[in-house]
Amino acid sequence: MLRRVADPRIPEELSTSRLVLRRWRLSDLDALAEVFAQREVWEFPFGRGLTTDETELRLRRYLETWERDGFGKYAMGLASTGAFIGYAGLEVVTWFHEIQGEVEISWRLDPSYWGHGYATEAALASLAVGFDQLGIDRVVAVIEPANVASSRLAGRIGLQAVRETVEPKFNKLLEVWVVERERFAELLGSRAAAASPDADTGSTTMAPAG
């Protein structure tokens, strides 16, 4: 569960090696609607893209979440070009009673940018600030078993599937995934070790995940 602190806030903008993650603006609507209109982005759970009106409702919720909680999903852009490519980040669960009040990580990415490790990079950065600055002990994700790509990504960032459940609104089977602070710290340690220069070749052994 979220362990509240006096001012539970995270940076409104983060930079990774290839990405800029930032708080949302209303002016993001057109770019977000273009991404969300693609069926692949919302195959799970809707099996279709979203209309502009539906996207606007979600954008306003993202803005309200930041105002209410001091953190939320980040808008994700490429550092090199500024292109908007999706979102990743943390949010307090209000949509599913079984994990109500937990902190959930989620991500959605323009299909044009799949396969380059951007979602992994953004999710790792989001988890790092969540554990370091929010004082939370664990983060959850809720994934449909059929969503193999998201399950693989969850595993790469340290989450483990702990149980199955059924979401009542859509009557769909879901898996609850969890990562705790200690496991995430171990993961970062192992990734740092893997990224260190090889003693013989001077090369870096870690490449971006998919």
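Read the figures in this text as sums done on the coordinates, not as results from a lab. Just so you know, these numbers come straight off a predicted model, no measurement behind them. Cβ sites come from the backbone with ideal geometry, for glycine too, and all protein chains shown count toward neighbours.
Worth pointing out:
- In region 1-94, chymotrypsin sites (Phe, Trp or Tyr not before Pro) in a DSSP loop with at most 14 other beta-carbon atoms within 10 Å: 46
- Shape parameters for region 13-191, alpha-carbon atoms, Rg then Dmax in Å: 15.4, 43
- Mean separation of Cα contacts under 8 Å (6+ apart) over length of the chain, as relative contact order %: 19
- For residue 90, the residues 5 or more places off, or on other chains, whose built amide H falls under 5 Å of its own are 72, 73, 74.
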